[in-house]
Each structure stands twice: as C-alpha cells, then as structure tokens.
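K.L.:
Structure below; questions to follow.
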Amino acid sequence: MFEQTFKAIDDVLWKDAGCSSELDYTEQTSWMLFLKYLDDLEHERSLAAELMGEQYQYIIDDAHRWSRWAAPKDAAGNFDHNNALTGDDLIDYVDGELFPYLKGFKKRADSPDTIEYKIGEIFGEIKNKIQSGYSLRDALEKVDELRFRSQEEKHELSHLYETKIKNMGNAGRNGGEYYTPRPLIRAMIDVVQPKIGETIYDGAAGSAGFLCEAFDYLRQGGRSKQQLSTTALKTLQERTFYAKEKKSLAYVIAIMNMILHGIETPNVIHTNTLAENLQDIQPSNQHDIILANPPFGGKERKEVQQNFPIKTGETAFLFLQHFMKILKPGGRAAVVIKNTFLSNTDNAAVALRKELLQNHNLHTVLDCPGKTFLGAGVKTVVLFFTKGEPTQKVWYYQLDPGRSLGKTNPLNDKDLQEFVQLQKGLADSDKSWSLNVADLDQTTWDLSVKNPNAKEASALREPKEIIAEIIALDKESEAILAQIQELV
C-alpha cells in the first residue's frame, strides 16, 4: 500500500544536498512521519471527543498543525497549492518557527512520561537537514499520502520503517549499532517468555527492536496465542516497556519505531544509562525482564566508571553490571555480548563472570556465528540468566546455520528453531552441551565455548599416502584413455 510512497520519499531526499546517507534519510523521514502521525492521532481523538459531546484539547496549536503548514487542503479536501509554503519560505518557517515551537514543549510538559515531553525532546535533538524548500515540499506531500488510521496501515508502515532501519545497518559507518537481527531477537524473546503484567527494559535501546518485537509477541498472546482483554492491552500500552538511549538519532528512531508498532506513548528516556550510579537504583526502578544488545568496543571515561563496583572502560561490561542491578530478584534477562567476555583474563572480566555465576543462574549461552551482526567484526554470544540463585550448570548451544552469513544471506527464523526447541529441555546434541560450574577453575571462571560433542575433523594424511593416491589415479586415467583410443 505505502511501499512506493516510501521509495518516492527516499528518492526526494537522495537528490537533496543536505542528505548524504541512509542515516540521514531515516532521520529526516522520522520527524516528518512523527508530525503526520501526531496529526492523525489528534484527528481521531477530536472525532472521538465529538461523539461523546466533549471538547478536545489539541496538543499542537492551530498555527503549527500539519494540516495548516505541511498539507493545507481546500474546501473540497484536495491539496491546496496556493496556500502551501514552498522554497525558501518553507525552509525559513520550519527552521525558524516550527522547530523552536516544538522544542519548547519540553519545558511546557508536566512530566517526561507525556507525549508533549517527547515532542520537545525529539525536536530539541533533531535538525532539519533538507536544504531545498522544493525538495522538502515534495517530501511533505509524499508523507501526507501515508495514513495511521487503521491497524493494517500501521502494520505496513512499521514493516517499511523496520526495512529503513535495517538499511541503516547495512550502510556501514555506525549504522550497524541500530539493528539487531530480528530472528535473533524473536528467539531471545521465545526463551525468556515475557507475560502481561511484567515490565520489560532495554537500557541501550538503539532503534527499540527488542521492545517492538516483545510488544508484537505479547499482543499476539505470547506462546498461548490467547486474545488479550482491554485491560491487558492498556497494561501493554502504558506500563510494560521501558527504555533508555544515549544517542539523539537512535532516540528519535526508537520512539518512531515503537509508535508505528502501536505503542502510542513510549516510555523512552533520552539519557546516558551508564551515568546512573548503581547504588541509586531502588527496587521501584527494577524490571522483570531485560532484553538488550549493548554497544561493544566502546570506552567510558573514568568518572562514568566510578558508578560501578567493577571498574572497567569496556562499555558492554558496564552495561552488564547495570542490567544485573536493575533486574528484579527472580527476573529474567537475555543480553548480547562479545564472546571474548567468556574467556578474557583481565581482572574486570574475571570479576564480572564470578558475580554473574554466583548471584545469577546463567542457564543458557547461545554462541552466534560470525557475521550475525552485519558490519561488526566480532563474534557474539547471548547470555540468558535469572537473578537471585547461583549457577549450577550452563547449557551451551553453538548456532551453525550451515552457510556463511552476509548482507544477502542473513540469519532467519528457521536457523534458530532447533536452538529454541532444545533449550526448553536443555538437551544435549551435536551442537549443545552442559558445563558444571563446580568443574570451573575458580581463579579464572573461564566459560569459553568448547563443544565436547563436535565431530572430530579427519586427521591429515601423510604426504606419501597422498602421492600414492595421485599415482594410482593417473594410472586409472591412462587406462580409460587407452580404451577410448581403441574405440576411436
């Protein structure tokens, strides 16, 4: 329904001098989509209020409403080109009046939980990069063709937006940090099995892929596929998903992605998660479930490290400490991390493994193949753990899709079916095995992936044996050629 419109918007942005990459296309599409969504939402709410005989209080004032400046209509409901700003006038209005007005919502909002605050946060961080007012006019007219009225329309828009996020990941630069393969996320959710009433948290949200997939899983009734009540849907909308994100672009994309999936007022906070002192986390701040893929390879400053009992500059190790602290007792987590975490011998890695094993049940480790994450040059594992009981056994699964992964051949749901099935009973196979924690060296707590069930590679043959086989094959070839010559 809307695929051609998305392509047309990209084509407009590609021709504009201010947009140079997939990251720019997604960023600029996001703010326009957000304002169009807001206009449709307010239109629906005003109609609902009218039916109830009530007066609806608009969030955006009349002068700055989408239908006034972006897509004015004439009496017949057609696009009114005579009253539509374009060229330099449009750029001057957007940069000089619209964005400052929208940014001001942050100060005027009652609390960070409101959609008003989100509007102010988004437009305080994002900038209009489209330089030509004629390009912007074309893009706005295309965005106005999109509708957010029905569930079917929202579903298609969310699918198209996910594709844009995936393309950002494929575009290189730092785009990959925004995209975790959705089949991997779905497998993680399938193992953790969230339920309505539990809170789900991602402190390194990126594009909020984990929360969007968890929302889809729960909205469809989880494993039981039961239809949700109105109360359950309200809980799912308002009191289930919580996220934090440091980077401005990712924050905007996370909010837009969650909105398109059907979460109308996302609980996403724009902040550096690691700047929070672990000692300040109270039971009221803790969550039932954590799903996350924190950035790896980053380095944090000394003052940030002071917030953590185990001092390290490695961003992913700090996030793991944060997740262990913010998880409720009995809570469940699935966290992606570099596979070197399992074996690094530095003091921080050893101390972190010890903490994880002694105060959490690290019941499952999923070993992912190379190129699971496009653009990332490191191998990863997924740690599945429950808080509040020591680990007795760790069950490992070595994921092997039987092919080399890449941009044109990514991970798919079928690749992870066996893992999800075997994990239910922590069963042994050629690709899975268990490790007794009691057998570990307690000076290193080394958890390296060492499959004892892997078939041994054939032993290399002696050179003499290889030469003898070559001579035998040559003689056989001579005999066959001689027979052919006789026939000729």
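No value in this document is a laboratory result; all are computed from the given coordinates. Everything numeric in this text was worked out from a predicted model, so none of it was measured. Positions of Cβ are generated from backbone atoms using ideal geometry, with glycine treated the same way; all protein chains shown enter the neighbour counts.
K.L.:
To the nearest 20 debye, what is the magnitude of the charge dipole of segment 127-263 about its Cα centre, counting +1 on the Cβ of each Lys and Arg and -1 on the Cβ of each Asp and Glu?
P.N.:
Roughly 240 debye, rounded to the nearest 20.
K.L.:
In deg cm²/dmol and to the nearest 500, what is the mean residue ellipticity at 222 nm of the chain if only DSSP H runs of at least 4 residues count, each as -39500 (n - 2.57), divided by the residue total?
P.N.:
-13500 deg cm²/dmol
K.L.:
For segment 3-149, please report how many Lys pairs fall under 20 Å Cα to Cα, leaving out neighbours fewer than 8 apart on the same chain.
P.N.:
Lysine pairs meeting both conditions in segment 3-149 amount to 25.
K.L.:
While we're looking at this one, here's another question. Quick check: convex hull over the Cα atoms of segment 346-475, volume per residue in Å³, rounded to an integer?
P.N.:
About 198 Å³ per residue, rounded to a whole number.
K.L.:
Ok, one more. Could you name the lysines in cross-link range of Lys234, using Cα to Cα under 16 Å and dropping any fewer than eight places away on the same chain?
P.N.:
Straight-distance partners of Lys234: Lys195.
K.L.:
What nm distance separates the two modelled labels at Thr114 and Gln131, each placed 7 Å from Cα along Cα→Cβ?
P.N.:
It works out to 3.9 nm between the two label points.
K.L.:
Over the chain, what relative contact order in percent results from Cα pairs under 8 Å that are six or more residues apart?
P.N.:
Once normalised by length, the contact order is 11 percent.
K.L.:
With charges only on Cβ, +1 for K and R and -1 for D and E, what is the dipole size of the chain about its Cα centre, in debye, rounded to 20?
P.N.:
Here the size comes out at about 1320 debye.
K.L.:
Compare the Cα positions of His270, Ser448, Ala204 along the charge dipole of the chain (+1 at Cβ of Lys, Arg; -1 at Cβ of Asp, Glu; about the Cα centre) and return the one farthest towards the positive end.
P.N.:
It is Ser448, whose Cα lies furthest towards the positive end.
K.L.:
For a quick check: sort Met168, Met1 by the number of other beta carbons within 10 angstrom, fewest at the front.
P.N.:
Result, fewest neighbours first: Met1, Met168.
K.L.:
Moving to a separate point now. Could you give the nm distance between label points at Glu462 and Ala438, where each point is 7 Å from its Cα heading toward the beta carbon?
P.N.:
4.6
K.L.:
I need the phi-derived Karplus couplings for segment 133-148: 6.51 cos²θ - 1.76 cosθ + 1.60, θ = phi - 60°, integer Hz, Gly and Pro marked x.
P.N.:
Couplings: x, 6, 5, 4, 4, 4, 5, 4, 5, 5, 4, 5, 6, 7, 10, 10 Hz.
K.L.:
Here's a follow-up. Please work out the Cα center distance from segment 224-297 to segment 49-79, rounded to the nearest Å.
P.N.:
31
K.L.:
Mind sorting out which of [x] 1.08; [y] 1.15; [z] 0.96 is the real Rg/Rh (Cα atoms, Kirkwood Rh) computed from the coordinates?
P.N.:
It is the value labelled [x].
K.L.:
Where the centroid of each part is defined by its Cα atoms, how far is segment 399-414 from segment 122-154 in Å?
P.N.:
Between the Cα centres of segment 399-414 and segment 122-154 lies a distance of 34 Å.
K.L.:
Which listed residue (Leu41, Ser20, Tyr56) has the Cα farthest towards the positive end of the charge dipole for segment 1-137, taking +1 on Lys and Arg C-beta and -1 on Asp and Glu C-beta about the Cα centre?
P.N.:
Result: Ser20, furthest along the dipole toward the positive end.
K.L.:
With charges only on Cβ, +1 for K and R and -1 for D and E, what is the dipole size of segment 158-439 about its Cα centre, in debye, rounded to 20?
P.N.:
The dipole magnitude comes to about 320 debye.
K.L.:
May I ask you to order 26-32, 297-303 by the average number of other C-beta atoms within 10 Å around their residues, highest value first?
P.N.:
Highest to lowest by the protection proxy: 26-32, 297-303.
K.L.:
Sort the following peptides by mean Cβ neighbour count (other Cβ atoms within 10 Å, averaged over residues), highest first: 115-125, 282-292.
P.N.:
Taking the mean over residues of other Cβ atoms within 10 Å, the ranking is 115-125, 282-292.
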